[in-house]
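Comments concern the structure below.
The values are calculated or read from the model by the stated rules, or taken from the named source; none is laboratory data. Bear in mind the structure is a predicted one, so any value in this text is a computation, not a measurement. Cβ: placed from backbone, ideal geometry, glycine included. Neighbour counts: every protein chain shown.
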Amino acid sequence: MLRFEAIKKLLRDLDDEVVVVGNLGPTSDEMWHAGDREKNYYTYGSMGLCSSIALGISLNCNNKVVAFDGDGSILMNLGSLATIGRESPANLIVVIWDNEMWGQVGRQYSHTHYRTNLEDISKGSGISRTITVENIKQLESAFSKALFSEGPWVVIAKIEEGEYMPVAPVEPEKTTYKFRESMLKNAKT
Ligand SMILES: Cc1ncc(C[n+]2csc(CCOP(=O)(O)OP(=O)(O)O)c2C)c(N)n1
Ligand SMILES: [Mg+2]
């Protein structure tokens, strides 16, 4: 499965109120090329922080919040899974795009290519709703189940690395400003 094809499918019919936080680099680029959304939050530069940022957002709003994380980034901040297990927000879905590599910086194999199992680590962190998917059909079915049930969910999506899209023309300050404005429209009181 190619991440860009999968991202296009998952975002195509997604409710406008669902927040999607993108891992740095190609994942955020692909989210933008799939169609920019008010509630997309792109984390350029912030390796390891995608799921942590999504966790923080999920604890402060009633929207469903989705992290589109990467295997390398999650490996750099495994504590984020432990904290997600500890806080257990029902509105959080973490999708880990697992290409078994640090793709953007040279496609070196990551630990998931060897013996590290991120689904087992999620379960060991107290996250009971987990699944590993290998193709788009399985992913769509897991994602829709996660959207319409209580989480937190961790979905490990095994992907092949494809060609990269051009870097998206987004700036961190503008992304944050636009995203904050959009969240304030329906802020918790
Ligand atoms: C703290 C920090 N260390 C290293 C980098 C350089 N870097 C940028 S992307 C990346 C790999 C990310 O891997 P993964 O999350 O699996 O995403 P992929 O590129 O495979 O889509 C690295 C090492 C960085 N941006 N920040
Ligand atoms: Mg990777």
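Values as computed for the structure displayed
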| read-out | value |
| --- | --- |
| Residues satisfying the stated conditions in the range 65-92, i.e. hydrophobic (A, V, I, L, M, F, W, C), away from ligand 2 (no atom under 14 Å from the Cβ) and in contact with a Leu (Cβ under 7 Å, 6 or more places away or on another chain) | 65, 84, 92 |
| Residue ID - farthest from residue 4 (Cα to Cα), chosen from residues in the range 101-123 that are part of a loop (DSSP other than H, G, I, E, B) and touching a residue at least 40 places away in the same chain (Cβ under 8 Å) | 116 |
| Helices (runs of 4 or more DSSP H) (entirely within the range 13-94) containing at least 1 residues that are within 18 Å of residue 170 (Cα to Cα) and more than 12 Å from the chain's Cα centre (by Cα) | 26-34 |
| Residues being free of Cβ contacts under 8 Å to residues at least 24 places away in the same chain and closer than 20 Å to residue 17 by Cβ - total across the range 44-56 | 1 |
| Residue check for residue 151: touching a strand residue (DSSP E or B) at 6+ places or on another chain (Cβ under 7 Å), modelled with pLDDT under 95 and not basic (Lys, Arg) | no |
| Only one of 52, 110 that is near ligand 1 (Cβ under 10 Å from one of its atoms), at pLDDT 95 or above and closer than 27 Å to residue 164 by Cα | 110 |
